[in-house]
Each structure stands twice: as structure tokens, then as C-alpha cells.
Amino acid sequence: MKNEFLLNRIYLLLWVAFAFFLPFSKALPNLLLIPILILFLFLTKYKQINFSLKNGFLFFIVSVAWISVSTIIQGGVEDTIKLLLKFYLLIGIFFLAQSLDRNSFTVLYGFISGCIIQFFISTYSIVKFYLENGYLRLDTGGGVNEILHGERPYIGFMFALSILFSLFIIRKFKYQWLYIWVGLATGFIFYISARLATGMCILILIHHIYETFKKRKAFFFIISFVLVSLTTAGFFFNENFQKRMRLENDLGSTYEKFKAYEPRFIIWSCAIEVSHNMRPILGLGNLKAIEKNLVNCYLSKIPNNQKSKLKYYQEMAFNTHNQFLSFLLIGGWLACLLLFLFFLFSFYRSNSILYTITLAMFLIFFIFENVLYRQSGIHLAGLLFGLLNRNLLTEDKKI
């Protein structure tokens, strides 16, 4: 009994370590999955999994299975196997995380702590770069990831999640000191000009203000007004953010400049064009074929006199930058629909505000990024979908 208690503690600590390393390490989370799986089997943790056919995640499983069928039928397994293995890894992590009990709340502490470490790593690197070069530009994509020691959209997204979890913990346990991290993380996201994460942070903070002052509506409106005012003022003082948003003197000029510099305008239009030449039910079923078709489309849309832009798109070979479009091209309309149904049914079945907001954040991120093409995206989605899906972490329940 004593040994079993100790092993259970080790099992939980391994999950905490897994969440801790997610923000700043790619290799360590993978390595930690090995002892987690061993203890999962040894302690028969699979008996604690309560997964029903009503769970929205079933749609994601079926979607991945259909994509697998599509790649087999169309002979694209060899070119797509690495991506398929990532999808199945996500499913595996989901079920492993389903074995966590109410003490699993500490896993969120591990994730927040990991984000704090990433904050110090990025801050040190920013200061070091500035001292060595005498300048710092974070408005353009080139070199920014090297300075931050991580990809800007994913750092911003993980920091936004850590803010959500921190504010949840503050409301539940009154750990006011976490406001320090909330302030630092919010300021950092804004400073590095992580556009999507900045928008998420504003909405998360407004939700927190509402939950805190919903019985005192006057306070809610006053504080929300102050928050929006500070954010608006911040836009005018953050030169990097202004440059990333391509702000001009009028809305029309801003839109035209933003359209010219934002790759997603070309990427998404090309993804839709490529979808017209696929099998509607099966998709293309081959990742390399998708990449080739997309690149050819990019080159056809960019004028020949813009040689640097042509070279840039050819070298980068951008993916669809949209998880739904990715599923559409690789597995057809059925795979895309099943991914959408995963979110729809998960929202409907959720009775935890924490899980609902987390789902909403992933949904938004899926619209702008191929989250599941990244190892960190797989780890993060598997952990949080599995952990929060159980509805153990709610504001109206004692842990």
C-alpha cells in the first residue's frame, strides 16, 4: 500500500514535469511520456478512464482514422506517416491524461511554472541581443523566433493559457500573488507583438473582471473601461505592434498594406483553390502533394517582378495556417467536418468554464495556425483536452 501511494505520487509528479517542460523544451516531454506510460500500465490507471461515446473527442478520433484511410487508399502513407503519428500521439496523451484524478490541479501549476521559465529565457535573450547589437526589432518575422528562443505565436498562446489558469486559481484559491505573473505575462505578450495572444488576453481579463465583479456591475464596467483604455493607449506606444498591424492613416490603406504583407491572404485562397482539385470525400491524402500544390499556387499568384517575395514563398513552402483547411486537404470534407464537430460537441458537453474557454482558445488558434503540425501543439492539446475534458476543475467544486 505504501509503495503504491509512492508510485502514485511519482506518477503525478511526472505529469507535473511534463507540463512544466512543455513551454520551453521539445525533447523532454517526449522522454517523460515513457515512464508515464509504464506507471499508467503498472498502476492500472486505465481503469480510471471514464470515456463514453458521448464524448466530443470521439469525433477527433474518427477524423484521424478517416485521414489514415484516405492516405492508405491514395498511397500517401510514406509521405504523411510523421504527421499521422503526431495525431495518434495526441490521442494517446489524451487517454493518459484522462487517468489523472482531482489532485491533477497541480499539473496546471507545473505548466504555469514552465511558462515563467520561458519568460526568463526569452527576456534574457532579448536583453542580450539588444546589448550586443544596439537595436531590437520584433515587428518582422525573420530572426524573432531565434531571439525569443521559441515560436512567437506558440509562446504567446501558451502564455495566454497560463494567464487563464492563473486567474482561475486566483478566483478559486485566492492566491493573489499570481497577479504578478498575470501582469508580467500580459505585458510580455503585448511587447513581443503576439497579435492573436494579445486579443485572447484582453478577453480573458474581461471575463475575469466579470467573474470577480458580476455582483457589482458598476465596478465591472469601470474596470473594463480602464482596461480597454489602457490597451488602446498601449497600441499607440508599442511601435512593434503598430508595424505588425501595418497601421496607416486610414482604414482602407491599412487593409491594403496588411493584405500585401500578411501571408495568410495568399495561403488561404490557395488552400481553397487546391481543394477544388481534390476528391471531396478523401481529400488529397498525401502531405507532400498538398505542399507541392500549395507552393505552385503561391508562385502563380505573386507577380514575376516581385522576385524576393517569390523566393520567400518558395523557400518557406507555407502550410495552410489553418487546422481545418489542413484536415480538408488531407482527409476531405468529412475529416474537416469531424474536426468541427469535435469542438461543437465538446462545447455542448462541457460543464466547466475553464474547459470551455480553453476550447475556445484552441478553436481560435486552429483558425490561424496548423497547431497539430507542431510537436508542442500535439503535447499541449493532448494534455489539456484530456485533463480538462473530465470536468474535475470547476469553480463550483472543491478539490
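Distance between the pseudo-spin-label points of ILE222 and ASN277 (7 Å out from Cα toward the beta carbon): 6.2 nm. Ellipticity at 222 nm from helices only: DSSP H runs of n ≥ 4 in the chain, each -39500 (n - 2.57), divided by the residue count, give -24500 deg cm²/dmol. Computed about the Cα centre, the dipole magnitude for region 1-137 is approximately 280 debye when only Lys and Arg (+1) and Asp and Glu (-1) carry charge, each at its Cβ. Translational diffusion of region 87-162 was estimated from the Stokes-Einstein equation, with Rh taken as the Kirkwood radius over Cα pairs; at 20 °C and 1.002 mPa s the coefficient is 146 µm²/s. For a Förster distance of 45 Å, can you work out the FRET efficiency between the beta-carbons of TRP177 and LYS54, rounded to the nearest 0.05? Once the sixth-power term is evaluated, E becomes 0.70. Quarter the surface of the alpha carbon convex hull of the chain and you get the mean projected area, 22.6 square nanometres. Other residues within the sphere of radius under 10 Å centred on the Cβ of GLY285, judged by their own Cβ, net out at 0 (K and R +1, D and E -1). May I ask you to work out the translational diffusion coefficient for region 28-145 at 4 °C, viscosity 1.567 mPa s, via Stokes-Einstein with Rh from the Kirkwood sum over Cα pairs, reported in whole µm²/s? Diffusion coefficient, whole number: 70 µm²/s. The modelled label-to-label distance for the pair LEU341/ASN3, using points 7 Å beyond Cα in the direction of Cβ, is 4.7 nm.
The fraction of Cα-Cα pairs per 5 angstrom bin, counted from 0 for region 281-327, comes to 5, 20, 28, 22, 14, 7, 3, 1 percent, rounded to whole percents. Relative to the current alpha-carbon distance between ASN145 and LEU299, full extension at 0.36 nm per residue lengthens the span by 52.9 nm. Across all Cα atoms of region 120-160, the radius of gyration (one decimal) and Dmax (whole number) stand at 10.2, 30 Å.
Compactness check for region 1-47: Cα Rg over 2.2 N^0.38 Å is 1.20.
Pairs from the table (LYS259/LYS311; LYS2/LYS45; LYS128/LYS311) lying more than 22 angstrom apart at Cα are LYS128/LYS311. When only alpha carbons of region 144-226 are considered, Rg and Dmax amount to 13.7, 46 Å.
Could you pull out which residues in region 144-160 have an amide N less than 14 Å from a spot 7 Å beyond the Cα of LYS214, following the Cα-Cβ vector? None, by backbone N distance to the label point. Unpaired Cys in the chain, meaning no second Cys C-beta under 4.7 Å: CYS115, CYS201, CYS336. Evaluated with a Cβ-only charge set (Lys, Arg +1; Asp, Glu -1), the chain carries a dipole of roughly 800 debye about its Cα centre, given to the nearest 20.
Taking the Cα centre of region 260-362 as reference, the dipole from Cβ charges on Lys and Arg (+1) and Asp and Glu (-1) amounts to some 180 debye.
Using R0 = 30 Å, the C-beta based FRET efficiency linking LYS26 and LEU203 works out to 0.55.
Semi-axes of the equivalent ellipsoid for region 104-143, computed as √(5λ) from the eigenvalues of its C-alpha gyration tensor and ordered from largest down, come to 30, 11, 5 Å. Projecting the Cα positions of LEU39, THR80, SER70 onto the charge dipole of region 1-87 (unit charges on Cβ atoms of Lys, Arg, Asp and Glu, taken about the Cα centre) puts LEU39 furthest along the positive direction. Distance between the C-alpha centres of region 180-217 and region 40-84: 35 Å, rounded to the whole angstrom. Round to the nearest 0.05 the FRET efficiency obtained for ASP79 and LYS307 when R0 = 35 Å and r is the Cβ-Cβ distance. Once the sixth-power term is evaluated, E becomes 0.75. For region 291-396, the spread of Cα positions along the three principal axes, ordered from largest to smallest, is 61, 26, 19 Å.
Coordinate-derived values only; no laboratory data. It should be emphasised that the depicted structure is a prediction, and the values quoted were computed from it without experimental measurement. For neighbour counting, all protein chains shown are included, and Cβ atoms are generated from backbone atoms with ideal geometry for every residue, glycine included.
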